[in-house]
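Engineer: Structure in structure tokens, see below.
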Amino acid sequence: MINQYPLWKYVLILAVLLAGLLYALPNLYGEDPAVQVSTLRGAELDSALVDSMQLALREGGVSPKGVEPGQEQVLFRFRDSEEQLRAVELLRPVLGERLVMALNLAPATPDWLQRFNARPMYLGLDLRGGVHFLLEVDMDAALAQAVERYGTEVRTLLRENRVRYLGVQTSSDTVRIRFRDAEELGQARDLIEREFGQLVLEEVEGAELELRGTIGEQEALEIRRFALQQNITTLRNRVNELGVAEPVIQQQGDSRIVVQLPGVQDTVAAKNILGATATLEYRAVDFRGSVEDAVAGRVPVGSRLYQDRNGQPVLLRQQVIVTGDQIVNARSGLDQQGGGPMVSVTLDSRGAKRMLDFTQDNVGNPMAVVFIENRTVTREVDGERVTSTRKVEEVISVATIRGVFGRNFQTTGLDSPREAHELALLLRAGALAAPIDIVEERTVGPSMGKENIDQGFKSVIIGFALVLLYMAFYYKVFGLVANLALALNLVIIVAVLSMLQATLTLPGIAGIVLTVGMAVDANVLIFERIREELRNGNSPQAAIHAGYEKAFSTIADANITTLIAAVVLFSFGTGPIKGFAVTLSIGIITSMFTAIMGTRAVINLIYGGRRVTRLSV
């Protein structure tokens, strides 16, 4: 029968409507100002410590809206930002060095919605607030690290080729190698020129013969460029894997990086994420030297004194076997022999060769793993918060080399599976190629974001209301049906954005406003076609059928061309342009569904399957 849908189409539309309402609903509940206290590197959060934090809050007259304890973190929810900031001041004296506190906005989604994995959409920096950093990459340090690396490789090259030398020293831009006679210097020069053509060599005569190598201008340029790009990649991987939603990380100029982290209120917590430089060094243990003498201040030449996690001294050789930047992959798991947490490490070809060479010569000798981390410490000094960075180096494992290995091996001695997971994460993300300094720091407050949200919401409501009034006045019953479809379209757009966990920005809101107009445009084409069919003398039922059938190709052409433009914007645009393209693309697809299939279903329910003499269009 004409103008009737089969049952499955009505069921499909109803299912889409219910799913849209379900997954759009979390956005109505908003967010709570919260303080999250987490452990560093996987330590468990003691229940007694949680009790002491709650006691400190009660004594300070702050009553949390909710407390959500976990094994490694506890989340305190508050009613407003004033309570949140007051709680920070009360909790800070209670926390030790292995706890980190961060301010954030926790979604207030009810438990019954969370069981359906329904979550609110992310909001961009312009809506939610957050932090903006401008970072400067220390290019001098990048060159100094490259010189240090060349110095280590030159030592290895000369030893492997049995060329005698008195010593190898490095400065900020020069590698200096001292020799006894000219013949050894000549042999070394030939080897270094063949292996390291990037070094510009110069012979210096004095009390001792000296060969100096400096990095050429082109090589220095490449080192700077590599340092910047690796830092961008490292920061992007690190922030993504640590769970900051939709960050913006991009290059600015020759040595600067812009980082925007939406939703992060505490700049200290953001700095902890950006400045985390956790990595590993594999070093040989100086088992011939005396640890007692080293503790007393008499450290053997070529060695250095470290401490393990229990504070016990460990004497290691200064020469590094493998560093974190030679690690290409790292996965956490459990050691099959001991059952403890471990990180399975894969080295690049250069690191694999060095590890293979070392283990071939040192089977039966101990090797240590040094964990290195730049830790941010905040303390009260004369009533003011002072933040400083402290480099922590500790031995996490000392094991005897039982056999020869190179590319793949395991690191054990970690405290917990959580720590193994975080260490593998940071190793996968990579080490920063050069230190970074924060030259500009800006916090976008949630109040400013709230104003933007209100203005964006008003623009959608005003545009939506004007369209509703026009359609209802001009197209009567058909206009009301189009309005119903338009409301459903907005609900589905919000639901899809929430399900995809996409980020909504001000340009994204502009895309939604544009979609409102485009969704109505499809209905206008259909309704005008129906009116034309009625003027040509067709029956109401035939006019409805012809209107939808004949207008479809025009609607499809218009929407497909706009969708192609949106895809191009997403492919070549950055930041806000991508946000506009995402909401526009989603809106085009959903409006095709609601404007054609949705309105047709309602019109069929009103007019289909019965004799109709007049249409209210």
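The values are calculated or read from the model by the stated rules, or taken from the named source; none is laboratory data. Here the structure is a predicted model, which means the values were calculated and not measured. So basically every Cβ, Gly included, is an ideal-geometry build from the backbone, and we count neighbours across all protein chains shown.
Engineer: Give 176, 189, 159, 225 a once-over and let me know the one that is among the basic types (Lys, Arg) and assigned by TED's automatic domain parsing to the domain that holds residue 250.
Structural biologist: Details: 176 fails: assigned by TED's automatic domain parsing to the domain that holds residue 250; 189 fails: assigned by TED's automatic domain parsing to the domain that holds residue 250; 159 fails: assigned by TED's automatic domain parsing to the domain that holds residue 250.
One residue alone meets the criteria, 225.
Engineer: Please go through the range 350-379 and give me each residue that is under 28 Å from the mean Cα position of the chain (by Cα), at pLDDT 75 or above and not hydrophobic (A, V, I, L, M, F, W, C), ordered by number.
Structural biologist: If the condition is that a residue be under 28 Å from the mean Cα position of the chain (by Cα), at pLDDT 75 or above and not hydrophobic (A, V, I, L, M, F, W, C), then 351 is the only one that fits.
Engineer: Then there's this: Could you please find all residues in the range 279-312 being acidic (Asp, Glu) and either at pLDDT 85 or above or at positive phi (or both)?
Structural biologist: Correct list: 286, 292, 293.
Engineer: Right, next: Can you name the number of the only condition in (1) outside any loop (DSSP other than H, G, I, E, B); (2) out of contact with any Ser or Thr (no Cβ under 7 Å at 6 or more places or on another chain); (3) under 18 Å from residue 302 (Cβ atoms) that residue 151 fails?
Structural biologist: (2)
Engineer: If residue 503 satisfies all but one of (1) at pLDDT 85 or above; (2) under 30 Å from residue 22 (Cβ atoms), what's the number of the condition it fails?
Structural biologist: (1)
Engineer: Say whether the condition of being of a type in the set (A, V, I, L, M), in a strand (DSSP E or B) and modelled with pLDDT of 80 or more is met by at least one residue in the range 70-92.
Structural biologist: yes
Engineer: Testing residue 475 on (1) modelled with pLDDT of 80 or more; (2) under 27 Å from the mean Cα position of the chain (by Cα), one condition comes back false. Which one is that?
Structural biologist: Among (1) modelled with pLDDT of 80 or more; (2) under 27 Å from the mean Cα position of the chain (by Cα), the lone unmet condition for residue 475 is (2).
Engineer: Also, I was wondering about something else. Looking at the range 305-356 only, could you name the residues that are surrounded by 19 or more Cβ atoms within 10 Å (Cβ to Cβ), of a type in the set (Val, Ile, Thr) and under 13 Å from residue 408 (Cα atoms)?
Structural biologist: Scanning the range 305-356 gives 322, 327, 343, 345.
Engineer: Just one of the numbered conditions (1) under 38 Å from the mean Cα position of the chain (by Cα); (2) at pLDDT 80 or above; (3) in a helix (DSSP H, G or I) is not true of residue 127; which one?
Structural biologist: (2)
Engineer: Given the condition surrounded by fewer than 16 Cβ atoms within 10 Å (Cβ to Cβ) and farther than 30 Å from residue 494 by Cβ, answer yes or no: does some residue in the range 9-21 qualify?
Structural biologist: no
Engineer: Of all the residues that make up the range 177-197, how many are surrounded by fewer than 17 Cβ atoms within 10 Å (Cβ to Cβ), under 45 Å from the mean Cα position of the chain (by Cα) and in contact (Cβ under 8 Å) with a residue 12 or more places away in the chain?
Structural biologist: Here the count works out to 2.
Engineer: Which of the residues spanning the range 198-235 are charged (D, E, K, R), assigned to a loop (DSSP other than H, G, I, E, B) and free of Cβ contacts under 8 Å to residues at least 12 places away in the same chain?
Structural biologist: Scanning the range 198-235 gives a single hit, 205.
Engineer: If you go through the range 484-491 one residue at a time, do you hit one that is part of a helix (DSSP H, G or I), among the β-branched types (Val, Ile, Thr) and in contact with a Phe, Trp or Tyr (Cβ under 8 Å, 6 or more places away or on another chain)?
Structural biologist: no
Engineer: How about the range 71-82: which of its residues are among the charged types (D, E, K, R) and out of contact with any strand residue (DSSP E or B) (no Cβ under 7 Å at 6 or more places or on another chain)?
Structural biologist: Hits for the range 71-82 are 79, 82.
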